[in-house]
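Each remark here refers to the structure printed beneath this line.
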Amino acid sequence: MFKKRNKYAIDPVSLSLTQPAKGKRNSFRIFLSGLGISVFIGALIAFLFFRFVDSPSETSLSREINDYEIQIQLLNNRADKVLSILQSLQNKDDRTYRTIFGMDPVDEELRNAGVGGNDQYEMFDVVENGKVLREASEKLDFISRQIVVQSQSFNELMVMVADKEKMLASIPSIMPVDKNKIRFSSGFGWRRNPFTHSGSQFHPGIDLAGPIGTPIYATGDGEVIDPFGSMTGYGIVIVIDHGYGFETLYAHLSKKLVKPGDKVKRGQIIGYLGNTGPSTGPHLHYEVHRNGNKVNPINYIYSGFTNEEFQEMIKTAEESHEILS
């Protein structure tokens, strides 16, 4: 083990060895060394403090950012719920409300107007939490567009509801002749040709056979109009415009009691069953037209029948193939 050696100096006068006294310079040097170490340690502590410990302002800012992130996520969740409710309303609008009033569903292209095109949300791609912000913005914009379209649809429905009583009275919904005085001879669709007895032809209405002179009734409120196009093959005919896209035709009458321009009410006698025109027997040929298309009249004869009677009528019409034409 080595001992620390003491330093000695030679006294020039006495030529003896003396241990030199510590001077001010040495003390100052020691002071500087201690100060340097203290500064270094202080700097290190400060670095570690600012590196790993947030300042009060940073802590407050971090807390605010976390709050915003939570709020944005809650907004996203609420937007999902609103979208679900909105889609339910759209389905009811298209499949129920608009169907009741004979309106076509809202066009999908109109509902999705504004979807796609330029990316107006790309600004969010360069910010922190941009994905969540982008998702929320897209949903809110989509909801806004959908609400505008749905609001317009409901406005249309409100107009229809305001006119509901008139509309319901105008839709052809009763039998054009007393059900106890006739029988179904032919339904709507492809049937055997009654004259050639070969091949088939499309039958655009229903045939109701009965005694000549049986009263014929208007099936809904409307106005009698001139027959459209050639009525060759229909005999004496009456056409009624009911509005709302509906028209009805009554053919092979023996006599008519109304003329074009007359206003008629549902259940009003407008003529009598006959056998005029090309016909193989006394009957009423009855057609319903909706928006210019010939549709199955059975689907609109629902007043005055129980559900069982209505189902039996449909079955009878489908099984009847004898066109009296």
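Nothing in this text is a laboratory measurement; each read-out follows from the coordinates by a stated rule. Note that the structure is a prediction, hence the values are computed from the model and not measured. Heads up, the Cβs are rebuilt from the backbone with ideal geometry, glycines too, and the neighbour counts pull from every protein chain shown.
What is the list of residues in segment 150-179 whose amide nitrogen lies under 19 Å from a point 7 angstrom out from the Cα of Glu308, following Cα to Cβ? Once the point is set 7 Å along Cα→Cβ of Glu308, 179 turn out to lie under 19 Å by backbone N, inside segment 150-179.
Couplings 3J(HN,Hα) of segment 234-241, computed from phi: 9, x, 6, 9, 10, 10, 10, 9 Hz, in residue order, whole Hz [Karplus 6.51 cos²θ - 1.76 cosθ + 1.60, θ = phi - 60°; x for Gly and Pro].
Multiplying the residue separation of Phe142 and Gln71 by 0.36 nm and subtracting their alpha-carbon distance yields 23.6 nm. Each residue of segment 212-226 was assigned a 3J(HN,Hα) from its phi angle through the Karplus curve 6.51 cos²θ - 1.76 cosθ + 1.60 (θ = phi - 60°); the sequence is 4, x, 5, x, 10, 10, 5, 8, x, 4, x, 10, 5, 10, 5 Hz, with glycine and proline shown as x. Amide H contacts under 5 Å for Gly189: His203, Gly205, restricted to partners 5 or more places along the chain or on a different chain, H placed in the peptide plane at 1.01 Å from N.
Output the peptides 141-148, 210-217, 103-110 sorted from most to least packed, where packing is the average of other Cβ atoms within 10 Å over each peptide's residues.
Packing proxy ranking, top to bottom: 210-217, 141-148, 103-110.
Around the amide H of Phe246, modelled in the peptide plane, lie the amide H atoms of Asn291, all under 5 Å away and 5 or more residues distant in sequence or on another chain. Here the Karplus curve 6.51 cos²θ - 1.76 cosθ + 1.60, taken at θ = phi - 60°, turns the phi angles of segment 290-295 into couplings of 10, 6, x, 9, 7, 10 Hz, with x standing for Gly and Pro. Between the beta carbons of Leu83 and Leu110, assuming R0 = 22 Å, the FRET efficiency works out to 0.80 to the nearest 0.05. Near Asp262, the amide H atoms lying under 5 Å from its own belong to Val224; only residues 5 or more places off or on other chains count, and H is placed 1.01 Å from N. Our estimate of slack between Ile37 and Ser62, defined as 0.36 nm per intervening residue step minus the Cα-Cα distance, is 5.5 nm.
Using the beta-carbon distance between Leu257 and Asn293 and R0 = 30 Å, what value does 1/(1 + (r/R0)^6) give for FRET efficiency, to the nearest 0.05?
Values: r = 28 Å, r/R0 = 0.94.
That gives a FRET efficiency of 0.60.
Per-residue extension of 0.36 nm, minus the Cα-Cα distance of Ile212 and Ser173, leaves a gain of 11.7 nm for this segment.
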